[in-house]
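**Q** Starting off with a structure, shown below.
Only the coordinates and a few stated rules stand behind these numbers; no lab work does. Everything quoted here is computed from the prediction, not taken from an experiment. Please note: Cβ atoms are built from the backbone with ideal geometry, for glycine as well, and neighbour counts cover all protein chains shown.
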Amino acid sequence: MPDAVSNRRTFAIISHPDAGKTTLTEKLLLQGGAIHLAGEVKARGQARRARSDWMKIEQQRGISVTSSVMTFERDGITFNLLDTPGHEDFSEDTYRTLTAVDSAIMVLDAAAGIEPQTLKLFEVCRLRSVPIITLINKIDREGRDPFELLDEIADKLALDVSPMSWPVGMGGLFEGVFDFESGELRLPEGPAREFLGKIVKTTGAEDPVLADYLSADGVARVAEEGLLGREGYAPFDFEAYRNGDLTPVYFGSALKNFGVEEIIDAIARYAPPPRPQPAQDGEIGPERDEVTGFIFKVQANMDPNHRDRIAFMRMVSGTFKRGMKLTPSGLGKPIAVHSPIMFFAQDREIADTAEAGDIIGIPNHGTLRVGDSLSEKNEVRFTGLPNFAPEILRRVQLRDPTKTKQLRKALDDLSEEGVIQVFYPEIGAQWIIGVVGQLQLEVLIARLEAEYKVEAGLEASPFATARWITGSDAALADFEQFNRANLARDRDNDLVFMAKSPWDVNYQQEKNPELTFSATKER
Ligand code: GDP
């Protein structure tokens, strides 16, 4: 693998809201020299917290677009940090972004441990064996016992844990962080008790020099508790980490700069370079000469005056050069990529070249869709970009019936972006939209108005969930004949069973064993 590729790390941070993702992002970027960013990232965090207000959603969306991919460099390593939307509601965008990373950082609040959102995101990572490095954050505050936290990760995620560092007390008793491997003790300084670079080198957890810097309790926390922790859990195993079976765990405080350097170093040392991606004819690795990639996200109307649309492509192989012609699988004829965008935080920069692992933004007018594969020869089809069965279904009610066309266009656009899914019933004209999180509904209504000038309302739908149905043509035709009232087409014209309850799904599955009712659809 050429250095340009082996030195790339494309990753995301997964966490429950408020665990410290924004703060860590900001600190990682500062370490990487992208100092001007700090305020931007913060602004996004604040926008998110006031999310009931549409303007704020819009603001957040705007900012999170320009910072969708944050690229920074340190010690010859290029880091591509992909932002996952931070709100509590779960959107497909988040899932899909995780299909474009090679590894993830899991941030936990030391007082809260594993929270629901962490768990969901972790499950998505597990599906793809994405290796995970853990940061237990906020140890400058009262937190839970380190053993309890480690046990919880191991139990709830069914993952081996390997403590790489140890907190010397938490909250009011916090005295620093001890790193097992390097034997370095990082100490707080100044009135804010933050890490400003003060490191004591030791020969290990039992080095008497620790007593010069720590209280007697602090020394015991390293020499007794710490060693017990280090020996009581799995030793760090590179292969197990890379397979997604073990997570190295660091303790820190993003706010006070503890654990930040350690996390960057861990990504640089352990996290995988661009990984091969699953495709129809086997995996495609970064060593392939041909430029290949897939679209994992589409963002429309970034600039309200231009109706432009950016498709985010994860490069899987080859060296992309500006102006190159690539063929999208959905289109079949090549497009020239003249002005690709590299996202160096809030500045959109025109990229000249990009390597496997990089993300480029391709401006287009609707030719590129989520799930599309792009390649020079149009022979590659990446798989594994899923659609998820919506958990909330609503009927769309148009206030002005003359705007049917606009509505259809808007729903098609927004489903392409992954904001919503849209289902066109086989009988009747009321379109149904599906989402996995409530916030998506708010965004839908607001964007219909702001971007398409369509006033619409949502009303209850008789359906609770949807399943994609596959099977032989004969079996499908048979099923269709008797269930037309419960069938719809998605925007790819694939057949979907609209179920009144989960029980309904089971019932139909049992009654029609020759058909498959699937909660996800791979494109
Ligand atoms: P996000 O929702 O995961 O992006 O979390 P934020 O980074 O926005 O952090 C949520 C809140 O926790 C903010 O008020 C942060 O200042 C605070 N916070 C983040 N990291 C730390 C930490 O290490 N220690 C303490 N005490 N507070 C933190």
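**Q** Antiparallel DSSP bridges in the range 95-210: what percent, to the nearest 5?
**A** Roughly 65 percent of the beta bridges in the range 95-210 run antiparallel, per DSSP.
**Q** Further question: Mind scanning LYS120/LYS256; LYS405/LYS521; LYS321/LYS377; LYS297/LYS403; LYS156/LYS521 and naming the pairs with a C-alpha gap bigger than 18 Å?
**A** Those over the limit are LYS120/LYS256; LYS405/LYS521; LYS297/LYS403; LYS156/LYS521.
**Q** Hey, another quick one. Could you state, as a whole-number percent, how many of the C-alpha pairs of the range 386-522 are farther apart than 22 Å?
**A** Summing the P(r) tail past 22 Å for the range 386-522 gives 35 percent.
**Q** Can you tally the net charge around ALA474? Count Lys and Arg as +1, Asp and Glu as -1, for every other residue whose Cβ sits under 12 Å from the Cβ of ALA474. Write out the running numbers ahead of the final one.
**A** Numbers: positive: none; negative: ASP473, ASP478, GLU480, GLU514.
Around ALA474, the charge tally is -4.
**Q** Within a Cβ distance under 14 Å of PHE258, other residues only, what is the Lys/Arg minus Asp/Glu net charge?
**A** Local net charge: -2.
**Q** Could you please state, rounded to a whole Å, how far the C-alpha centre of the range 465-514 is from the C-alpha centre of the range 217-288?
**A** First find each Cα centre; the distance between them is then 43 Å.
**Q** For Cα pairs less than 8 Å apart in space and 6+ apart in sequence, what is the mean separation divided by the residue count of the chain, i.e. the relative contact order in percent?
**A** RCO, the chain: 13 percent.
**Q** Largest first and in whole Å, what are the equivalent-ellipsoid semi-axes of the chain based on the Cα gyration tensor, each being the root of 5 times an eigenvalue?
**A** 43, 25, 23
**Q** If a/c stays under 1.5 just call it rounded; otherwise compare a/b with b/c (prolate if a/b is bigger, oblate if not). Do that for the range 89-160, with a ≥ b ≥ c from the square roots of the Cα gyration tensor eigenvalues.
**A** Prolate.
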